[in-house]
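The structure appears below as structure tokens.
Bear in mind that the values in this text are calculations on the coordinates, not laboratory data. None of these values were measured; they are calculated from a predicted model. Please note: Cβ atoms are built from the backbone with ideal geometry, for glycine as well, and neighbour counts cover all protein chains shown.
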Amino acid sequence: MAIRTITSGATTLGTITADDDIIFEGGSAAVITSLDHSALTGIDTVEVGPTFNGQIGSASAPLIAQVEEEFFYGASGGSCYFNSTDAGGAAATAKLLMPIGTGGSFYFVSAGTITNAEISGGQFVVATACVVTNLYVTNSAIVRVYDDTSTDPTLVQNHGGTIYLDRGATALTHIGGQTWVKGTASNNITTLNVHGPGVHLEDVGTITKVNAWGGVPCTRNITKAVTITDCDINAALPTDQVETFLNNPRITFTNPVVKYLGR
């Protein structure tokens with residue numbers, strides 16, 4: 001194992017060996033050669049600091065590797081394209097991705113799984129073939145998860161960013177920011193927890209349980225019939241929002257809605 005520093009201005013990743021730690025020093029160069037390291041058993045960590053605002057890979061030729069521990073992306077600008085593939089040529093799992101830069105764009109492309117994606121800045125885009133198991137979004141981050149037929153995340157939490165979700169989820173919790181659910185009728189949500197305003201349901205399948213504790217989902221743009229099995233709603237929320245949600249003709253509530261803190 002060694003620490004490999006990619007110096008400012010370098011355009012190649014150079015020679016990387018298994019279990020290396022890769023640090024991007026800074027600069028605005030496009031690092032576009034020697035990016036396929038899928039033959040290695042794994043890279044330990046990748047760190048991109050705030051002085052970097054260049055490009056790592058491209059949509060057609062991304063950085064390909066199995067990052068076993070942490071991919072820290074704190075770039076102040078530019079872009080990074082990442083494909084998580086192991087030495088056997090199969091989609092691999094990265095434990096942790098942390099894009100926290102103020103202006104960088106991180107593209108998860110082609111293949112692989114990220115177990116925990118903690119997004120607190122910049123833009124994070126998940127391609128159709130890629131899987132994010134647990135997604136946490138905060139601050140001003142913008143996240144786009146494409147494709148309504150791909151594997152749904154287990155957990156999605158929005159603490160203040162903007163999420164465009166083209167898939168379902170086991171547990172979707174909205175605390176702040178804007179969350180747009182834009183999948184299709186095949187995308188189900190087991191539990192939707194709404195702690196504040198900013199949830200927009202456009203296309204979605206069955207929602208097993210809605211907990212509208214601190215906000216009411218906006219359903220103005222729903223285009224297809226939606227079934228909600230159970231719903232608990234804070235009736236002390238603005239009456240017009242509560243009634244608009246409960247009386248939307250495209251929504252069917254299987255069981256009686258439970259209202260509390262009001263009538």
### Task
Please state, rounded to one decimal and in Å, the Kirkwood hydrodynamic radius that the range 3-146 gives when every pair of distinct Cα atoms enters the mean of 1/r.
14.5
### Task
Quote to one decimal, in nm, the extra length available between residue 260 and residue 133 on full extension: 0.36 nm per residue of separation minus the C-alpha distance between them.
42.4 nm
## Note on the structure
Residue separation between residue 252 and residue 44 times 0.36 nm, minus their alpha-carbon distance, gives in nm 70.0 nm
#### Entry: Efficiency of FRET from Cβ geometry, residue 220 and residue 95, R₀ 25 Å, rounded to 0.05
0.05
### Task
Within 10 Å of each residue's Cβ, count the other Cβ atoms and sort 98, 1 from fewest upward.
1, 98
#### Entry: Contour excess over end-to-end distance, with Cα ends at residue 25 and residue 170 and 0.36 nm allotted per residue
48.3 nm
### Query
Out of these labelled values of percent of Cα pairs over 36 Å apart, (1) 23; (2) 9; (3) 15, which was calculated from the coordinates shown here?
(1)
#### Entry: Computed E for residue 235/residue 208 - FRET, C-beta separation, R0 22 angstrom, nearest 0.05
0.55
